[in-house]
Amino acid sequence: MGSRKLGINFDSEALNIVETEKQRIICHYNIPYLETQDKAEVVEVTDQIRLAAILQRSLREKAIKTEEVIAAIPANEVLLRSFLIPLLPQKEVKIAIDFEARKHIPIKLDLLSFDYTLQKVKEKKATKFKTHFVGVKKEILDRYAYALEQSSLKIVSIEASLLSLFRVLVFKKLVKMNSSIAIVDVSKNEGSICIVEKGFPQLIRDFKFTAISRDTYAREPESISSLLNKEIRLSFDYYRRQSPKEEVDHIFIFSEEKDESIKENLIKELNIQASLLRPNEVLGLREEIKIGELKAYGASLGSLVASVKPIDLYKKRKTVEPKEKKEGEEMPEIPISLKSVVRTSVIAVVFILLFYLFVDYSQVMGLKNQIDSLSQKRLSLKHKLSSLDLSELQNIKTNYEEQINSFKEAKKVTYVTPLLNALPALVPRGIWLGRADLRLNQGFIFKIEGRAYLEDENEQINAVNKFLANIKENPEFKKISNTVGLDYIRQSTVDKFAVTEFSITCK
């Protein structure tokens with residue numbers, strides 16, 4: 001099992017899974033989110049609970065046991081910007097990128113999960129880093145990561161799906177790393193394009209064929225070609241503004257339709273070499289395979305194509321490790337003389353004496369100021385007490401006792417902190433907490449409400465019972481609560497999904 005790799009591609013309408021062994025496909029699946037062609041009814045992949053359920057069911061039904069996965073996400077979810085920074089030491093690069101990215105990215109960096117790769121370029125006779133910054137909103141990435149993690153998969157990385165296609169081209173030796181190419185993914189309703197220069201992504205954008213219906217596509221392929229030419233020309237114009245010295249050498253069009261006129265029109269209009277590729281022809285397979293499955297295959301190759309610069313949107317930024325001393329490199333010797341040692345020792349002794357004298361003087365002055373302050377407060381208090389009668393003194397005592405009682409009540413809240421810290425580790429798979437209610441006015445009462453969702457409804461009840469047992473056995477809950485009981489457990493339906501609602505009370 002160790003040699004097997006798993007790639008998963010999330011498309012807008014279907015989930016694509018490919019499992020490989022020694023770079024050869026052993027199984028591939030295209031699973032529509034709903035078995036329908038009505039786009040208005042297609043389940044949105046943003047619904048992370050449904051997506052997790054579909055993925056879990058698919059892995060179980062297909063008997064896929066490989067746990068490590070590389071995932072690819074759609075181009076329309078990804079943002080790519082390129083900008084220049086000076087040629088800096090490695091420890092200063094991240095600071096410079098954070099500064100420049102805030103000027104070029106229309107979204108706050110705190111809201112993005114991102115990665116970048118650096119390309120050395122000549123700019124006005126100076127060498128600089130061209131930074132290729134790829135990001136995705138954290139809320140979007142978290143939805144895909146949630147589905148993978150809830151399916152008991154270990155995420156190796158998450159990348160843009162068009163970069164997965166580029167990895168396939170390199171692996172199949174259809175492109176050279178020193179070339180500049182455009183990868184175009186065309187479906188019947190939308191498309192996307194990625195320009196890669198010497199292994200570095202320069203542009204990623206998506207577009208829709210809003211003016212062309214499916215029937216028109218089948219009847220008038222030249223109409224789709226004209227719109228495709230327009231979108232590619234716009235992309236090339238933007239690329240030339242960013243890299244005026246570079247030109248695209250070849251366009252690779254991925255399409256499940258074998259319509260050579262699309263390629264021929266591109267060659268005629270743009271005067272650039274073009275290839276129309278079908279997924280099964282790229283992989284040398286006889287059976288039909290979807291473009292989404294080809295993207296999943298490219299993801300599964302992962303680090304096998306070492307020449308492709310990796311962009312991992314899931315990776316937490318690593319701290320820069322200190323530069324190791326090169327082998328054979330010696331530290332320069334510093335000459336030491338008796339005169340310098342004596343001079344340094346005398347200066348150190350004088351400094352130490354002055355330091356202790358200053359500390360003693362500061363402590364004496366500080367104590368004197370405290371004594372003066374206490375004397376003033378004593379005189380003020382004596383004067384104030386002499387002017388008060390017994391009833392006023394009683395009121396002062398009552399206010400003091402009320403404040404002490406309030407403090408004791410507030411202190412009880414701190415006892416709950418260990419419970420809240422322990423709670424996340426007690427929640428089994430399939431349990432979602434909805435509400436927690438804490439009451440202290442009539443003794444300690446801590447109520448937890450939530451839902452359980454698993455494919456098997458019996459397993460939902462087992463998950464609730466396991467959660468209840470975990471709370472009863474937890475040392476932190478045992479310290480504070482005497483009893484832990486189940487208030488109710490009932491079946492309900494949420495968005496056509498059967499769930500189990502429950503309530504647990506700790507007293």
Does residue 462 fit the bill of being free of Cβ contacts under 8 Å to residues at least 40 places away in the same chain and not in a loop (DSSP other than H, G, I, E, B)? yes
Output the residues belonging to the stretch 142-170 that are part of a helix (DSSP H, G or I), among the acidic types (Asp, Glu) and either at pLDDT below 90 or within 12 Å of the chain's Cα centre (by Cα) (or both). 142
The residue that is surrounded by the most Cβ atoms within 10 Å (Cβ to Cβ), considering only those in the stretch 171-196 that are in a loop (DSSP other than H, G, I, E, B) and in contact with a strand residue (DSSP E or B) (Cβ under 9 Å, 6 or more places away or on another chain), is 175
Extreme residue, modelled with the highest pLDDT, among residues of the stretch 1-43 that are among the hydrophobic types (A, V, I, L, M, F, W, C), over 19 Å from residue 56 (Cα atoms) and loosely packed, with under 15 Cβ neighbours inside 10 Å: 26
Can you name the condition, by its number, that residue 449 falls short on among (1) more than 30 Å from the chain's Cα centre (by Cα); (2) in a strand (DSSP E or B); (3) under 17 Å from residue 424 (Cβ atoms)? (1)
Exactly one of (1) among the hydroxyl-bearing types (Ser, Thr, Tyr); (2) without any contact (Cβ under 8 Å) to a residue 24 or more places away in the chain; (3) within 23 Å of residue 150 (Cα to Cα) is unmet by residue 488. Its number? (3)
Return the residue satisfying two criteria in turn: it lies in the stretch 113-141 and is over 14 Å from residue 200 (Cβ atoms), surrounded by fewer than 17 Cβ atoms within 10 Å (Cβ to Cβ) and in contact with a Lys or Arg (Cβ under 9 Å, 6 or more places away or on another chain), and of such residues it is modelled with the lowest pLDDT. 123
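The values are calculated or read from the model by the stated rules, or taken from the named source; none is laboratory data. Remember, predicted model here, so these are calculated numbers, not experimental data. Backbone-built Cβ (ideal geometry, glycine too); neighbour counts: all protein chains shown.
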